[in-house]
Amino acid sequence: MSCSELFGRELLIFDGAMGTMLQAAGLQPGEKPDLWNITHPETVRDIHCAYLRAGANILKTNTFGCNAWKLAGSGHGSEEVAARAVQIAKNAIAVENETQGPAFVAMDVGPIGRLLSPLGDLDFEEAVALFSAPIAAGKAAGADLVLIETFSDAYELKAAVLAAKEAAPDLPLCATVTLDKRGKLLTGGDVDVVCALMEGLGVDALGLNCGLGPVQMLPILERLRESSSLPLILNPNAGLPREEAGQTVYDLGPTEFAHWMEQAAHKGAWLIGGCCGTTPAHIEAMAEKCRAIVPPKVTQKTHTVACSYGSALYFADGAPALIGERINPTGKPRMKQALRDGDLDLLLREGIRQQEAGAQALDVNAGLPEIDEPAMLCRLVQELQGVCDLPLQIDTADPVAMEKALRIYNGKAIVNSVNGKEAVMEAIFPLVKKYGGVVVALTLDDAGIPETVEGRMEVARRILARAAAYGIPKEAFLFDPLTMAVSAGADNGKVTLACVRRLREELGVRVSLGVSNVSFGLPARERLNTAFFTLAMGAGLSAAIMNPFSEPMISAWRAASTLLGLDANCAAYLAAYGGEAETKTEKTAPGGEMPLHEAVLRGFKQEAARAAQDASGTPMEIIESGLIPALNEAGRRFEQGSLFLPQLLMCAEAAKAAFAVIRTRLGEGASTNRGTVVLATVEGDVHDIGKNIARALLENYCFQVVDLGKDVPAEAVAEAVERTGAKLVGLSALMTTTVPGMARTIGLLREKGLDCRIMCGGAVLTESHALRIGADCYVPDAMASVRYAMEVYGAAMNPE
Amino acid sequence: MIRIRTEEAFRYMGCTEANADAALLKQLSEAETLLKSHAVPQSTHLRLPLTAGPCLGPMRLFGADIARHLHGCTAAYAFAATLGAEADRCIARAMRSDISLACVLQAAAASAIECFCDEVCASLAEREGGCLKSRFSPGYGDFPIEQQDELLALLQAEKRIGLCATRSHMLTPMKSVTAVIGIGGTPEKQTEHKCSTCGKLDCTFRKE
């Protein structure tokens, strides 16, 4: 019998702490508990036996730190330790053949001990592999289920769950996270995020462990019950820790612990046990108190929810969610060029700006025929999630790109899209089943886009039926009845709006629209889009893919929300529009336009952009006579010590704003490229502010910067130089431990005979050391890198 | 509670409060606000006996500088603190949208973690009757940075406060501190501070 059949039907008792018991048996601080499976197997077995006698139904194997990273240098592999640990637990069950009720062995999986990229240096797939090996071994040794526990980062949690699903697909899967007092993961996610992510990935039970005692966990348990459709697990610490005579002591004894766990069972915990500080006595008291309790039934929730690692987005009754549409190269030459160059800066900035403008999720589209879309989409998703916590809508027609992106996405994504075509449903539904997702479903099929409302409803019904065969419920969907241009058919708007209503009322599904298409072919598009959006809101729209920079759209959204009764006391409306009209910019020089030179030198972004707009002369003239002299002056003052780094960077930002304006005047194809510079923070190093500052200044001076990012292998630097023909490479390293990576990179570039100069910077470097490892130039600060670049490319710093 | 020392933040930016103009002060204020809403300061510590070696509990401490620093101490704290992953993300975001602010944010965060550590250490010092040495971290002097991993393991820092190290022993999240803090021993002179044990004489941040 699979234990998952008991989840939510019978109260199950987990065991208590292993670490605490091992410490009592002599485990030293810093010593690896997992190795005691090899060195002290009887001790481990005896602890399992004690818990069985106390009434535990599920034993957690002594494998909390059992992965190749933590066991490195111990002389034992994670598979060996995992197999031993499972054997010992099974042995214990055989020994204690008078257990009360069923007894199962849970393969316990704890975090690896490294932070995943982009915040840390552990690659997602590397993490999955590190988890998979011991899980496979544990399964082979006869584990009955897998317990993923004590995770406080959504991304690592996802890696572990995928590993378990792939290495042990038939084993029931439980996952518990550690939340802080505020009910949040260390990387920011709350209960809603945890539920959306875990349920999307298909775990069988979820809950909390460690970090808190039962008292602090109870309110969080209640929130879990509101969000989750799964049986809940609670494995708290024995209260809160305090120090007593140099030892950590937990403040709840067995009786008190049992009392609080009884509350937990009544509040919906179907699997209960303990974590740090708990002992067989705690479990015995708890089992005694709780054994006869039948917790409240698990209820199925019908939320439509997507999430990032940090925030969940519900598509519910109420104002539609705003999904920013701007990260999409269609019709945007600069974005297309950025994708071709692999320069994500522009796209990331667009994402951040959309969030600031009020977008609640972001559509992400990297579809460009001449690039490697799967690779680029994955990079874009990961980098965007490094700077923005909004849920993302993965937008691609390529199933390969969709799979890769959904896999590495940190959260539960919105999938754009599926439709009624057999081939598409066959390709996309399995991905949604495996990785979770809210699916945008277009009501078109192999026969095209139905002209009538009924025709589209028919496609919708068919999509739902097919999805059901995969076990994908209707809550997972955002149906998009398609917005056709009203210029192409007078009834097109009416048909779509009628579909919105019927989808909501008849099928009870959530509805999304890409509103902009309605105005295609007509002038003053924003007016039509705004009215259409408002009408659709009245018809029950749940989400809109739109331009969040459109002030009319945003105000229509706010106004319609207030009119539909979604804004108590008109508070949001008043907050947005009450009071005086906002002043345009507080930095406007009173009574006059500021010339470009001055705006840049004073670091005024908006003034600089305006001045660039108004300036006369060719773009090159403006750059050479207005921008460069200002930057040179700023650079001079910086080197003399009368201008400081943040101020220099404000000048750089102002110059950048001016450039953006000038570039549009240059037109496509014209170049201001002085030369290409490849920049990278070397392998093993994750600090990049110095490199980013150098980049900002180099770009100001019209160098084309190929920024490879951080922790860049030597091979990637060489490849970039070969590909771009760059004559200059800039390498950055912060620490003594990563300078060898710099030396290796330089060595490789020389070995390949690449015709380029190499400049090096970083706090730990000195000139002599830089030259010793083979650099051509040591650059102590950002201006120095500009000077050297000018020298390499034969340009004069101060043209007279 | 996030606090920053303005003078310290400016020093990390390479200037002094006297040179700061209104725009810079405004950015610093913005940085402080961002940190207050994104940073989640946490710390953990473990009091252990110091025995011959020196050994902090089971962990042998290598290098002459730390041995000299801990001379006379019979116990010490293993200590770790972090501002959390969201603070790192906040800085990463600023790097994309406004590099000048990113520079200020970086400096403010560096000050914030130091202030936080000082606060925690002050309460630890109270417990020890005021006899606490200054923080000595892996990487200072000849205390090998490679011992970072052992120190983190000793503290179970990853489980307690989500603090890890990269392959090259850099702390992640980045705005973090690990240290050994001696208890008792020879009282430190007013002028003694961590810069005195460091070999980088040309460091722009060196305190004299």
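The values are calculated or read from the model by the stated rules, or taken from the named source; none is laboratory data. All figures in this text were calculated on a predicted structure; none of them were measured in a lab. Cβ placement follows ideal geometry from the backbone for every residue including glycine, while neighbour counts extend to all protein chains displayed.
For this structure, a couple of remarks:
- Filter result for the condition that a residue is among the β-branched types (Val, Ile, Thr), modelled with pLDDT of 95 or more, surrounded by fewer than 21 Cβ atoms within 10 Å (Cβ to Cβ) and under 30 Å from the mean Cα position of the chain (by Cα), over A:424, A:432: A:424
- Filtered residues of the stretch A:351-370 (kept if more than 16 Å from the chain's Cα centre (by Cα), buried (at least 22 other Cβ atoms within 10 Å of the Cβ) and within 14 Å of another protein chain (Cβ to nearest Cβ)): A:354
- All positions within the stretch B:57-87 that are away from chain A (no Cβ under 12 Å) and in contact with a helix residue (DSSP H, G or I) (Cβ under 9 Å, 6 or more places away or on another chain): B:61, B:62, B:63, B:65, B:66, B:68, B:69, B:79, B:80, B:81
- Boolean, residue A:222 is out of contact with any helix residue (DSSP H, G or I) (no Cβ under 9 Å at 6 or more places or on another chain), over 19 Å from residue A:163 (Cβ atoms) and not hydrophobic (A, V, I, L, M, F, W, C): yes
- Within the stretch A:123-136, the set of residues being hydrophobic (A, V, I, L, M, F, W, C) and out of contact with any Gly (no Cβ under 9 Å at 6 or more places or on another chain) comprises A:124, A:127, A:128, A:129, A:130, A:131, A:135, A:136.
- Entry remark, the stretch A:390-426: residues being within 19 Å of residue A:326 (Cα to Cα), assigned to a helix (DSSP H, G or I) and in contact with a Gly (Cβ under 7 Å, 6 or more places away or on another chain) number 0 in total.
- Filtered residue count, the stretch A:452-492, keeping only those that are modelled with pLDDT under 95 and not in a loop (DSSP other than H, G, I, E, B): 1
- A single entry from A:113, A:142 fulfils the requirement of being away from every other protein chain (no Cβ under 14 Å), surrounded by fewer than 23 Cβ atoms within 10 Å (Cβ to Cβ) and assigned to a loop (DSSP other than H, G, I, E, B): A:142.
- Scan the stretch B:137-166 for residues that are under 18 Å from residue B:43 (Cβ atoms), aliphatic (A, V, I, L, M) and at the interface with chain A (Cβ under 7 Å from one of its Cβ atoms) and the total you get is 2.
- Residue match in the stretch A:737-748 (condition: surrounded by 18 or more Cβ atoms within 10 Å (Cβ to Cβ), closer than 29 Å to residue A:651 by Cα, touching a Gly at 6+ places or on another chain (Cβ under 6 Å) and at pLDDT below 95): no
- Tally of residues being closer than 30 Å to residue B:24 by Cβ, surrounded by fewer than 17 Cβ atoms within 10 Å (Cβ to Cβ) and not small (Gly, Ala, Ser) across the stretch B:116-152: 2
- Selection count where residues are modelled with pLDDT under 95, within 14 Å of chain A (Cβ to nearest Cβ) and within 14 Å of the chain's Cα centre (by Cα), scope the stretch B:113-136: 0
- Filtering A:661, A:682 for residues that are hydrophobic (A, V, I, L, M, F, W, C), closer than 24 Å to residue A:762 by Cβ and at pLDDT 85 or above leaves a single hit, A:682.
- The residue pairs whose first member lies in the stretch A:741-761 and is under 11 Å from residue A:683 (Cβ atoms), whose second member is among the hydroxyl-bearing types (Ser, Thr, Tyr) and modelled with pLDDT of 95 or more, and whose beta carbons are closer than 6 Å, counting only pairs six or more residues apart or on different chains, do not exist in this structure.
- Residue B:149 being farther than 27 Å from residue B:168 by Cβ and acidic (Asp, Glu): no
- Residue in the stretch A:261-270 that is at pLDDT 95 or above, buried (at least 18 other Cβ atoms within 10 Å of the Cβ), in contact with a helix residue (DSSP H, G or I) (Cβ under 6 Å, 6 or more places away or on another chain) and under 30 Å from residue A:534 (Cα atoms) present: no
- Selection status of residue A:310, out of contact with any Ser or Thr (no Cβ under 9 Å at 6 or more places or on another chain) and either closer than 19 Å to residue A:415 by Cα or away from every other protein chain (no Cβ under 14 Å) (or both): no
- Positions within the stretch A:736-768 being more than 23 Å from residue B:143 (Cα to Cα), touching a strand residue (DSSP E or B) at 6+ places or on another chain (Cβ under 6 Å) and outside any helix (DSSP H, G or I), in sequence order: A:756, A:757, A:758, A:759, A:760, A:761
- The criterion of being more than 17 Å from the chain's Cα centre (by Cα), crowded, with 22+ Cβ neighbours inside 10 Å and within 20 Å of residue B:121 (Cα to Cα) does not hold for residue B:28.
- Residue B:90 fulfils the conditions (1) within 12 Å of chain A (Cβ to nearest Cβ); (2) farther than 30 Å from residue A:347 by Cα except for a single criterion, (2).
- Condition met for residue A:207 (at pLDDT below 95 and of a type outside the set (Phe, Trp, Tyr)): no
- Residue match in the stretch A:158-180 (condition: more than 14 Å from residue A:111 (Cα to Cα), without any contact (Cβ under 8 Å) to a residue 40 or more places away in the chain, surrounded by fewer than 24 Cβ atoms within 10 Å (Cβ to Cβ) and within 14 Å of chain B (Cβ to nearest Cβ)): yes
- Close Cβ contacts (under 6 Å, 6 or more residues apart or on different chains) running from residues in the stretch A:324-348 that are more than 14 Å from chain B (Cβ to nearest Cβ) to residues that are part of a helix (DSSP H, G or I) and not aromatic (Phe, Trp, Tyr) comprise A:324/A:354; A:326/A:350; A:326/A:354; A:329/A:335; A:329/A:336; A:329/A:339.
- Within the stretch A:505-582, helices (runs of 4 or more DSSP H) holding 1 or more residues that are charged (D, E, K, R) and closer than 17 Å to residue A:354 by Cβ: A:525-539, A:551-563
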